[in-house]
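Asker: I'd like to ask you about the structure that follows.
The values are calculated or read from the model by the stated rules, or taken from the named source; none is laboratory data. Small disclaimer: the values here were computed from a predicted structure and weren't measured. Cβ atoms come from the backbone with ideal geometry, glycine included; neighbour counts cover every protein chain shown.
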C-alpha cells in the first residue's frame, strides 16, 4: 500500500464525517482490488469484492455521508488480509 493510500484510508477511518468524495473511495478501492463500478443510468456506484456476496451502493454526485457503512467496506477487507 502506498503512503498516500494509507493516509487516505486512515483519514477515512478517523473522520468518516469529512467531505469524502466518490473519487476518494475509488482510489481506496483500487488499492485493495475492490471493484467500484460507476452508475450506468442511475445515481450510485456499485462496490463489490469477490470475497463478499453483498454489492454495496454509494451516491455518485454528492459528498458521502458518514452514515454510509459502505465506506467501511475497505476497512473490513483490509483486516482480512
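Asker: Does segment 7-23 contain any residue that is surrounded by 16 or more Cβ atoms within 10 Å (Cβ to Cβ) and either modelled with pLDDT of 85 or more or assigned to a strand (DSSP E or B) (or both)?
Answerer: Within segment 7-23, one or more residues are surrounded by 16 or more Cβ atoms within 10 Å (Cβ to Cβ) and either modelled with pLDDT of 85 or more or assigned to a strand (DSSP E or B) (or both).
Asker: Take residue 36 and decide whether it is in a strand (DSSP E or B), within 20 Å of residue 4 (Cα to Cα) and within 10 Å of the chain's Cα centre (by Cα).
Answerer: For residue 36, the condition - in a strand (DSSP E or B), within 20 Å of residue 4 (Cα to Cα) and within 10 Å of the chain's Cα centre (by Cα) - is met.
Asker: Which condition from (1) in contact with a helix residue (DSSP H, G or I) (Cβ under 7 Å, 6 or more places away or on another chain); (2) free of Cβ contacts under 8 Å to residues at least 24 places away in the same chain is the one that residue 16 breaks?
Answerer: (2) is the only condition that residue 16 fails.
Asker: Tell me which of these residue 43 doesn't satisfy, since it passes every other one: (1) surrounded by fewer than 17 Cβ atoms within 10 Å (Cβ to Cβ); (2) modelled with pLDDT under 85.
Answerer: Status for residue 43: all satisfied but (2).
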